[in-house]
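The values are calculated or read from the model by the stated rules, or taken from the named source; none is laboratory data. Keep in mind it's a predicted model, so treat the numbers as computed, not measured. Every residue, glycine among them, receives a Cβ derived from its backbone with ideal geometry; neighbour counts consider all protein chains shown.
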Protein chains: 2
Amino acid sequence: MARIVMKFGGTSMAGIERIRRVAQIVKQQADAGHEVAVVVSAMAGDTDRLVNFCREASSLYDAAEYDVVVASGEQVTSGLLAIALQSLGAKARSWLGWQMPIRTIEAHSKARIEAIDADALTASMKSGEIAIIPGFQGISQDGRITTLGRGGSDTSAVAIAAAVKADRCDIYTDVDGVYTTDPRIVTKARKLKTVTFEEMLELASVGAKVLQTRSVGLAMKENVRIQVLSSFTEDGAPSADDLPGTMIVSESEMEKEDMERQLITGIAHDKNESKITLTRVPDKPGAVANIFEPLAKAAINVDMIIQNVGREKGETDVTFTAPTSDLDRTMQVLEKAQESIGYNRLISDTNVAKISVVGVGMKSHAGVASTMFKSLADRGVNIQAITTSEIKVSVLIEEDYTELALRVLHTAYGLDAEDAA
Amino acid sequence: MARIVMKFGGTSMAGIERIRRVAQIVKQQADAGHEVAVVVSAMAGDTDRLVNFCREASSLYDAAEYDVVVASGEQVTSGLLAIALQSLGAKARSWLGWQMPIRTIEAHSKARIEAIDADALTASMKSGEIAIIPGFQGISQDGRITTLGRGGSDTSAVAIAAAVKADRCDIYTDVDGVYTTDPRIVTKARKLKTVTFEEMLELASVGAKVLQTRSVGLAMKENVRIQVLSSFTEDGAPSADDLPGTMIVSESEMEKEDMERQLITGIAHDKNESKITLTRVPDKPGAVANIFEPLAKAAINVDMIIQNVGREKGETDVTFTAPTSDLDRTMQVLEKAQESIGYNRLISDTNVAKISVVGVGMKSHAGVASTMFKSLADRGVNIQAITTSEIKVSVLIEEDYTELALRVLHTAYGLDAEDAA
């Protein structure tokens with residue numbers, strides 16, 4: 001018998017038929033004797049509908065009132081799932097954010113959870129009642145509804161799991177787990193049995209969009225074991241004991257569970273970065289700071305940075321990457337700062353992709369980066385920039401080579417599934 | 001300067017364009033220096049959508065979870081109206097039922113308001129902030145969302161008006177006031193300047209569906225002056241000083257305001273009653289009780305009752321009316337009770353209408369009923385049953401004569417508008 005938090009996203013809650021299906025999956029866990037809390041998203045599309053209402057009402061909408069409006073979507077699905085569970089004969093009730101309460105900071109529309117008073121919730125779960133909790137929302141110190149930002153329901157689920165000391169937080173989504181790489185591109189991609197929090201953070205932040213990054217960070221901090229699995233299996237609901245998804249766990253647990261682990265866990269790609277180059281920047285102390293200080297003030301998230309030796313003495317070329325969604329703002333900031341920086345030309349390039357190999361195994365193994373460089377060079381893929389962390393090596397390449405690079409690296413690191421060879 | 005509660009129904013809140021229009025009407029009152037609270041319904045159709053979700057999820061839905069789901073409709077419009085008001089430069093915020101709080105009994109989906117803690121609300125209104133309150137909802141003693149039943153927003157508005165000691169409760173609706181009779185039938189119908197609570201209760205209960213009956217009863221108890229007016233005037237929003245609608249006030253205020261008042265205030269009709277006759281019931285003590293006791297147990301609302309002398313000695317015919325929606329159940333109850341009642345035949349007739357003349361003036365004037373009977377007889381309208389109260393005379397007639405009867409009586413009591421003569 002375990003205590004489990006289950007989280008279902010908007011696609012799983014889209015309409016009464018799917019909510020009934022979710023109720024069956026939840027009831028199966030309760031029937032197995034587990035104590036169950038469920039965190040739900042709004043019906044797919046409903047949050048967009050509500051956000052658009054706010055935008056139509058005023059382009060400068062009040063974030064506190066926006067929260068009142070958009071939080072209603074999860075309120076609806078919470079009540080409906082409780083009704084659907086009751087109709088299957090289960091005991092269930094909804095717990096709205098202000099009822100528990102889930103206390104957050106006052107930053108409306110992008111709040112962070114500060115504390116959850118889970119005493120009543122835990123007592124209710126112990127009594128055999130299934131608790132249904134709307135994701136994405138809480139209550140501020142002054143008693144008003146707050147929301148956690150888009151995708152915040154994953155974070156709600158992990159926070160609830162930490163608060164009730166759950167054995168596991170099951171995130172049901174429209175993929176059935178975390179893969180070694182994007183299976184739509186690499187047919188030999190394998191579903192991972194386990195992945196560490198650190199690996200998942202690196203994979204999530206470079207474009208493997210299975211979980212909200214924030215929720216993984218919180219799970220790592222609170223040591224909440226997450227399982228990613230699909231609510232859309234063909235052969236009925238997955239049972240608690242099948243554990244058919246991917247477990248996201250701490251590194252120490254991983255070592256115990258998976259001795260035969262690969263050097264590299266997964267390969268991610270990200271096409272949403274652009275490359276910006278400033279030519280003939282003065283090669284003197286403070287010159288680089290003149291570039292990145294105004295960008296930091298504009299809250300532009302700079303990623304890879306490379307400084308080349310310039311053609312002329314006393315000059316250098318500086319290249320960096322930033323999200324393509326921020327490219328226009330980045331260019332404006334740098335154009336304004338041309339005089340203080342003193343560069344010659346400003347060049348942007350959206351035709352790039354970042355490829356990252358991730359794995360805790362590389363901590364104790366040399367040669368991961370050189371395998372990457374050599375494999376790509378052998379196939380004529382030019383590397384434009386490189387960054388590394390303890391468990392990750394990323395390279396920037398021309399976007400057109402993305403799929404080729406993923407396939408080459410997947411094979412090079414021995415990740416290819418045997419049965420799909 | 002006054003303190004005003006304004007209430008807008010679902011048609012007025014149906015979509016952002018209309019919500020913007022409501023914001024303009026509200027801001028006009030605030031700009032005139034008044035302290036303003038606004039009670040809103042959900043967008044027209046939205047409550048039906050949410051109710052249907054609950055019904056689809058389970059025919060035997062839990063009323064507590066139903067309340068969680070359906071209360072979200074008013075939460076959405078409250079936030080949106082606050083945003084729309086802010087975009088016009090007004091200070092505004094939403095106050096959800098649990099925030100104030102509005103305390104109700106625990107009867108989910110049909111709760112009654114017990115107490116409103118309006119201290120924070122009043123302080124906010126005094127500071128010049130417009131308060132937006134979702135109608136139809138409150139919070140139970142155990143901290144769960146309750147709703148007041150369909151149409152409950154009128155009641156919410158009156159309760160808020162009583163709690164903040166408002167000078168007036170303006171109910172904006174899709175008609176522009178209370179008329180002497182249905183203007184779609186009688187072109188000479190006049191809009192009333194004032195009507196008493198008692199008259200409005202009688203008019204509402206016999207089919208003049210402008211306000212929810214409960215809200216009028218509450219207004220009478222708490223002495224809240226109600227104004228009914230339209231949010232859809234062609235020439236811009238009605239101003240506070242025009243008072244273009246109908247005021248619903250106490251009898252003592254009415255006497256001060258309207259010395260030249262007519263004997264009869266209005267004439268209502270109701271086609272939703274059916275006539276049931278039991279023939280040859282034994283004419284002995286307890287016989288009538290045998291008929292109406294089982295109906296009372298089945299919660300069937302019997303209205304007019306007539307007992308005729310039977311053709312045979314020791315026998316009598318009993319006729320009564322009941323809502324047509326309850327007719328099937330009424331017949332079943334009586335068929336089961338045939339033996340204990342001892343009647344001969346059971347006859348039902350849905351082809352009847354109830355016509356009621358209403359007016360506090362008749363308290364001090366004789367001859368109101370005889371005018372009614374004579375006017376109808378002169379035009380060949382047969383009266384099948386009669387009931388009277390202190391301020392009302394109702395007759396049951398054949399349904400086909402409804403429009404004729406309304407026109408005849410409207411003229412007979414001197415209610416016809418002069419300019420439409």
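How about region B:306-333: which of its residues are part of a loop (DSSP other than H, G, I, E, B) and among the aliphatic types (A, V, I, L, M)? Spell out the reasoning first.
Looking only at region B:306-333, we keep the residues that are part of a loop (DSSP other than H, G, I, E, B), and these are B:310-314.
The answer is none; no residue qualifies.
Identify all residues within region A:331-348 that are in contact with a helix residue (DSSP H, G or I) (Cβ under 9 Å, 6 or more places away or on another chain) and over 12 Å from A:PRO282 (Cα atoms); write none if there are none.
A:VAL333, A:LEU334, A:LYS336, A:ALA337, A:LEU346, A:SER348
Out of (1) more than 28 Å from the chain's Cα centre (by Cα); (2) part of a loop (DSSP other than H, G, I, E, B), what's the single condition that is false for A:LEU85?
Result: A:LEU85 fails condition (2) only.
Give the number of residues within region B:88-130 that are more than 8 Å from chain A (Cβ to nearest Cβ) and either in a strand (DSSP E or B) or among the acidic types (Asp, Glu) (or both). Working first, answer last.
Residues of region B:88-130 more than 8 Å from chain A (Cβ to nearest Cβ): B:88-92, B:95, B:97, B:100-130.
Restricting the remaining residues to those that are either in a strand (DSSP E or B) or among the acidic types (Asp, Glu) (or both) gives B:92, B:102-104, B:106, B:113-117, B:119, B:129-130.
The qualifying residues number 13.
B:ALA322 passes all but one of (1) modelled with pLDDT under 90; (2) of a type in the set (A, V, I, L, M, F, W, C); (3) closer than 30 Å to B:HIS410 by Cβ; which number fails?
(1)
If I ask for residues that are in a loop (DSSP other than H, G, I, E, B) and over 24 Å from A:ASP349 (Cα atoms), which ones from region A:369-421 would you list? Full working, then the answer.
Looking only at region A:369-421, we keep the residues that are in a loop (DSSP other than H, G, I, E, B), and these are A:379-384, A:390-391, A:413-421.
Once the filter is applied, which keeps residues that are in a loop (DSSP other than H, G, I, E, B) and over 24 Å from A:ASP349 (Cα atoms), region A:369-421 yields A:GLU390, A:ILE391, A:TYR413, A:GLY414, A:LEU415, A:ASP416, A:ALA417, A:GLU418, A:ASP419, A:ALA420, A:ALA421.
Quick grid of which residues meet (1) within 20 Å of A:GLY10 (Cβ to Cβ); (2) surrounded by fewer than 24 Cβ atoms within 10 Å (Cβ to Cβ); (3) basic (Lys, Arg):
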{"position": "A:ASP62", "(1), (2), (3)": "no, yes, no"}
{"position": "A:GLU65", "(1), (2), (3)": "no, no, no"}
{"position": "A:TRP98", "(1), (2), (3)": "no, yes, no"}
{"position": "A:THR104", "(1), (2), (3)": "no, no, no"}
{"position": "A:SER109", "(1), (2), (3)": "yes, yes, no"}
{"position": "A:ASP119", "(1), (2), (3)": "no, yes, no"}
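Does any residue of region B:267-275 turn out to be in a helix (DSSP H, G or I) and crowded, with 18+ Cβ neighbours inside 10 Å?
The first filter runs over region B:267-275 and keeps only residues in a helix (DSSP H, G or I), leaving none.
No, region B:267-275 has no match at all.
In region B:105-116, what residues are closer than 16 Å to B:GLU222 by Cβ and either among the aliphatic types (A, V, I, L, M) or in contact (Cβ under 8 Å) with a residue 40 or more places away in the chain (or both)?
Residues of region B:105-116 that are closer than 16 Å to B:GLU222 by Cβ, as a first pass: B:112-116.
Across region B:105-116, the qualifying residues are B:ILE113, B:ALA115, B:ILE116.
Pairs only if they're at least six apart or on different chains, beta carbon under 7 angstrom, first in region B:75-87 and under 10 Å from A:ASP62 (Cα atoms) and at the interface with chain A (Cβ under 7 Å from one of its Cβ atoms), second assigned to a helix (DSSP H, G or I) and basic (Lys, Arg); list them, first residue then second.
If the second residue must be assigned to a helix (DSSP H, G or I) and basic (Lys, Arg), the pairs left are B:ALA84/B:ARG20.
If a residue has to be surrounded by fewer than 16 Cβ atoms within 10 Å (Cβ to Cβ) and in a loop (DSSP other than H, G, I, E, B) to count, how many in region B:28-53 make the cut? Before the answer, list the steps.
Filtering region B:28-53 down to residues surrounded by fewer than 16 Cβ atoms within 10 Å (Cβ to Cβ) leaves B:31-33, B:45, B:48-49, B:52.
Remaining after also requiring in a loop (DSSP other than H, G, I, E, B): B:32-33, B:45.
Number satisfying all stated conditions: 3.
Might you let me know whether region A:42-54 holds any residue that is of a type outside the set (Gly, Ala, Ser), under 19 Å from B:VAL70 (Cα atoms) and touching a Lys or Arg at 6+ places or on another chain (Cβ under 7 Å)?
no
Identify, please: which residue in region B:54-74 is more than 7 Å from chain A (Cβ to nearest Cβ) and among the charged types (D, E, K, R) and is, among those, farthest from B:ARG21 (Cα to Cα)?
Out of the qualifying residues, it is B:ARG55.
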